[in-house]
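Asker: Okay, handing you the structure first.
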């Protein structure tokens, strides 16, 4: 199995952080008007306030980056190809969701997307299991948050058919 120096591991962590926060930035581009749009939607009583999403997602993206880094440093991309592919798939689906829901207001497509996102996170976790238990544990809060977000997404779509088509 490939071994990385401390410098290589540091660069690897920086690279994974950069990739995760780049995906976050891409999603955020679609979300500039999200607080005002979110406030206009009919919401269930249990919907969180808009200000909560930024801090939660920042924490989750950081945890995701550390998780994939823990897997990557155990043999690199070649040894963990399937895990990294699933990780990148879920990252792309994550960034796409904001565009579907906020920018394009496509309720049904956002529901389908978040379902695929949930499955891809589960597959990522499954792939991480054989390499790093700490990586799995870092991904669990993300899966839980996306589970909650999926229920919220479906509920908002059903409550706002004229806005979210």
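The values are calculated or read from the model by the stated rules, or taken from the named source; none is laboratory data. Worth saying up front: this structure is predicted, and the values here are computed from it rather than measured. No Cβ is skipped: glycine too gets one built from the backbone with ideal geometry, and neighbour counts run over all protein chains shown.
Asker: Could you list, in sequence order, all residues of the stretch 97-113 that are closer than 13 Å to residue 153 by Cβ, in contact (Cβ under 8 Å) with a residue 24 or more places away in the chain and either part of a helix (DSSP H, G or I) or in contact with a helix residue (DSSP H, G or I) (Cβ under 6 Å, 6 or more places away or on another chain) (or both)?
Answerer: Scanning the stretch 97-113 gives 97, 98, 101, 102, 106, 107, 108, 110, 111.
Asker: Another question, if that's okay. Is it fair to say residue 9 is surrounded by fewer than 16 Cβ atoms within 10 Å (Cβ to Cβ), modelled with pLDDT of 95 or more and over 20 Å from residue 121 (Cα atoms)?
Answerer: When the stated conditions are applied, residue 9 does not pass them.
Asker: Pick from the stretch 19-45 the residues that are without any contact (Cβ under 8 Å) to a residue 60 or more places away in the chain and outside any helix (DSSP H, G or I): which of them is surrounded by the most Cβ atoms within 10 Å (Cβ to Cβ)?
Answerer: Once the filter is applied, the top-ranked residue is 32.
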